[in-house]
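What follows is one structure encoded as structure tokens, with my remarks underneath.
Just so you know, all these numbers are worked out from the coordinates, no wet-lab data involved. Note that the structure is a prediction, hence the values are computed from the model and not measured. We place every Cβ from the backbone using ideal geometry, glycine too, and count neighbours over all the protein chains shown.
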């Protein structure tokens, strides 16, 4: 069963505007969440993370919000830049079960100049 | 500094053949992970090594898949009697340690095509 879901396969935004990527999870045992960005022919690269004890983490243009009661997290990119165009993966892990990451299906973000 | 490297970058094989995929982690990283990414999907966990030992191999789909890390550095993923359904990008990642707050650094992957 898909424990981490990204329901939007693609998102297109205008340069300078906000991009909001969403992720839902079903396993309440997840306690750490990460976002990865992937360019074609490259491996995923870490972007930002959040522990379940927080509801927000900010790093420059990137902010991740966590709503534990809704089992939902989102990644906000503002302002969006054409170089942000990539596939974004949401991932989750349970500290008690080791280090495996469970990924969502990914969302292709396209930022138009 | 070198990142995670994987060889070969592409591998085409015939159904029933044996393949080996190699991963060179970042120097000093004790944790090493293998994932498999099928088309249109996110990476799917296969196996995780802490040092030389497989700490979690619960993601390996069946006994045709095996992985080793004999000296705690380079790892090899081995697939016997390949099937067309094994076609995917195989990703390797390493981490300084397995604690949750340590990000995993991914290699570029090996694209395996089974004809």
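Tabulated values for the structure
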| quantity | calculated |
| --- | --- |
| The stretch A:25-79-the stretch B:45-67 distance, computed between alpha-carbon centres (Å) | 26 Å |
| Likely footprinting exposure, B:97, A:80, fewest C-beta neighbours within 10 Å first | B:97, A:80 |
| Pair residue B:38, residue A:51: separation of 7 Å Cα→Cβ label points (nm) | 3.6 nm |
| Global form of chain A, assessed from the alpha-carbon gyration tensor, a/c cut-off 1.5 | prolate |
| Within the protein assembly as shown, percent of DSSP bridges classed antiparallel, to nearest 5 | 90 percent |
| Residue order, fewest to most surrounding Cβ atoms within 10 angstrom, among A:73, B:21 | B:21, A:73 |
